[in-house]
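Read the figures in this text as sums done on the coordinates, not as results from a lab. Keep in mind the model is a prediction, meaning the values are calculated, not measured. Note that each Cβ is placed from the backbone with ideal geometry, even for glycine, and that neighbours are counted across all protein chains shown.
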Amino acid sequence: MKTNIDKFRRFLKRTFSVELFVGLGVVLREMLKKNSNHTMFYPMEKVNIDARYRGVHKLLRLAESGNERCIGCGLCEKICVSNCIAMDTKLGEDGRKKVINYSINLGRCVYCGLCADVCPELAIVHGGDYEFASEQRAYYGFKEDFLTNIKDLKEQKEFEGYGALPNDADFKVKLTPTTYIKKDQEND
Ligand code: SF4
Ligand code: SF4
């Protein structure tokens, strides 16, 4: 067991060792540098987020029709490693499945990107939004928070965030089933 004298000796050694002055030298050098700025004045200044940053999710619409891309297949809900996606669906009058509720518990989400990866309709992507603190957890994570507002459809970015595809994503979504049908016809 170390005595108090040992501890004092260690204190002296650490305090007056060369490393201390090397460290102080680095700090002094940076302080005296012109235009040296290592601190961002958040929230006045914001970090530039890369397109592949996995921020808060977005649910996209089809650019032409404005319809929601999500078809309620439930794959994202199934694959989610944190079990934080919950959705309710019902059959619409036109016989198509409609997503009536879609929520992501952002407090549990680990932003792994699997939901965006698995989505067959390119409906869910990760945006670059990282500011989502709130007084109330309930303020976040519902369908209306993620879904592109119909008024902002023109501003909806197709290539935004992880899992998103380029500008021709609408075309690719439509192409996929047609391609399968054509292949089936060719094989018949
Ligand atoms: S990013 Fe990962 S943890 Fe978050 S909702 Fe998607 S699958 Fe779940
Ligand atoms: S995987 Fe895509 S289409 Fe399927 S429910 Fe999730 S967001 Fe909707």
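Taking 4.7 Å between beta carbons as the limit, the unpaired Cys residues of the chain are Cys70, Cys73, Cys80, Cys84, Cys109, Cys112, Cys119. Taking trypsin sites (Lys or Arg not before Pro) across region 13-46, the ones in a DSSP loop with at most 14 further Cβ atoms lying within 10 angstrom of their Cβ are Lys33, Lys34, Lys46. Backbone amide hydrogens, once placed in the peptide plane, bring Lys97 within less than 5 Å of Gly92, excluding anything fewer than 5 places away on its chain.
Here region 15-54 is described by how far its Cα atoms reach on the three principal axes: 46, 24, 15 Å, from widest to narrowest. Once the C-beta distance of Leu28 and Glu186 is scaled by a Förster radius of 45 Å, the resulting FRET efficiency is 0.05 to the nearest 0.05.
For the chain, hydrophobic long helices are taken as DSSP H runs at least 20 Å long by C-alpha position along their axis with mean Kyte-Doolittle hydropathy of -0.5 or more; these are 18-32. If you wrap region 1-75 in the convex hull of its Cα atoms and look at it from every side, the mean projected area works out to 13.8 nm².
Just so you know, the Cα atoms of region 24-149 work out to an Rg and Dmax of 19.8, 73 Å. If Lys and Arg each add +1 and Asp and Glu each add -1, what is the summed charge of the other residues whose beta carbon sits under 14 Å from the beta carbon of Phe21? With Lys, Arg at +1 and Asp, Glu at -1, the net is +2.
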